[in-house]
1. Taking the options 13, 5, name whichever one is basic (Lys, Arg) and in contact with a Leu (Cβ under 9 Å, 6 or more places away or on another chain).
2. Filter region 10-48 down to the residues that are of a type in the set (A, V, I, L, M), out of contact with any Phe, Trp or Tyr (no Cβ under 9 Å at 6 or more places or on another chain) and within 18 Å of residue 67 (Cβ to Cβ) and list them by number.
3. Select the strands (runs of 3 or more DSSP E) contained entirely in region 44-129, then report the ones holding at least 2 residues which are within 23 Å of residue 20 (Cα to Cα) and among the β-branched types (Val, Ile, Thr).
4. Determine if region 92-114 includes at least one residue that is over 17 Å from residue 13 (Cα atoms), modelled with pLDDT under 95 and among the small types (Gly, Ala, Ser).
5. Go through region 86-109 and report how many residues are under 23 Å from residue 124 (Cβ atoms) and polar (S, T, N, Q).
6. Taking region 60-76, which residues are farther than 18 Å from residue 126 by Cβ and not aliphatic (A, V, I, L, M)?
7. May I ask you to list pairs of residues, at least six apart or on different chains, whose Cβ atoms are under 8 Å apart, with the first in region 103-121 being within 19 Å of residue 93 (Cβ to Cβ) and in contact (Cβ under 8 Å) with a residue 60 or more places away in the chain and the second being of a type in the set (Phe, Trp, Tyr) and surrounded by fewer than 18 Cβ atoms within 10 Å (Cβ to Cβ)?
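The values are calculated or read from the model by the stated rules, or taken from the named source; none is laboratory data. Note that the structure is predicted; figures quoted are calculated from it, not measured. Using ideal geometry, Cβ is built from the backbone for each residue, glycine included, and neighbour counts are taken over all protein chains shown.
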Amino acid sequence: MKCTRFYTGADGRTHFEDLDIPTSPTGSAGARSEPFAVSGMLLRESNGDAHFLQLHVAPRRQIILCLAGVVEIEAGDGTKRRFGPGDVYLADDLTGEGHSHREIEGPVKHAWVFLPPDMDLRAWGSKAP
């Protein structure tokens with residue numbers, strides 16, 4: 001399962017990294033990952049009316065599951081990526097300059113799943129800290 005991570009690089013700027021959460025086939029039911037620990041979750045919704053957040057860091061390490069709407073995340077190097085229904089991304093830039101967030105199309109509905117700060121992402125293909 002594809003997942004985009006944004007993290008703080010050695011330069012103090014946010015960068016994107018493409019990860020692949022390992023899954024195993026489950027027969028006719030598709031595929032699923034191995035369970036992993038989470039420390040909480042919240043649900044967020046908005047009307048998607050061009051809501052914009054200036055540069056900011058993630059409040060915690062969290063996977064965002066986009067349920068509806070489209071958002072655009074801009075990294076510190078100017079790279080932008082859009083996320084829509086079914087996309088999975090990981091906010092992991094807890095320090096540094098941060099990222100900006102713009103709602104492009106609404107309504108926006110997200111599930112934020114809180115990960116332990118020490119969760120090892122190497123099995124997902126992470127090369128960054």
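1. On inspection, the qualifying residue turns out to be 5.
2. Listed by number, the list is empty, since nothing qualifies.
3. 62-74
4. Yes - at least one qualifying residue is present in region 92-114.
5. Taking region 86-109 and keeping what is under 23 Å from residue 124 (Cβ atoms), we get 86-96, 98-99, 101.
After this cut, where a residue has to be polar (S, T, N, Q) as well, the list is 95.
Residues flagged as under 23 Å from residue 124 (Cβ atoms) and polar (S, T, N, Q) within region 86-109 amount to 1.
6. Step one: of region 60-76, the residues farther than 18 Å from residue 126 by Cβ are 65-72, 74, 76.
Result: 66, 69, 72, 74, 76.
7. So the pair list comes out as 115/36; 119/36.
For every residue, the table says whether it meets (1) in contact with a Cys (Cβ under 8 Å, 6 or more places away or on another chain); (2) surrounded by fewer than 17 Cβ atoms within 10 Å (Cβ to Cβ); (3) among the aromatic types (Phe, Trp, Tyr).
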residue: 82; (1), (2), (3): no, yes, no
residue: 90; (1), (2), (3): yes, no, no
residue: 95; (1), (2), (3): no, yes, no
residue: 103; (1), (2), (3): no, no, no
residue: 118; (1), (2), (3): no, yes, no
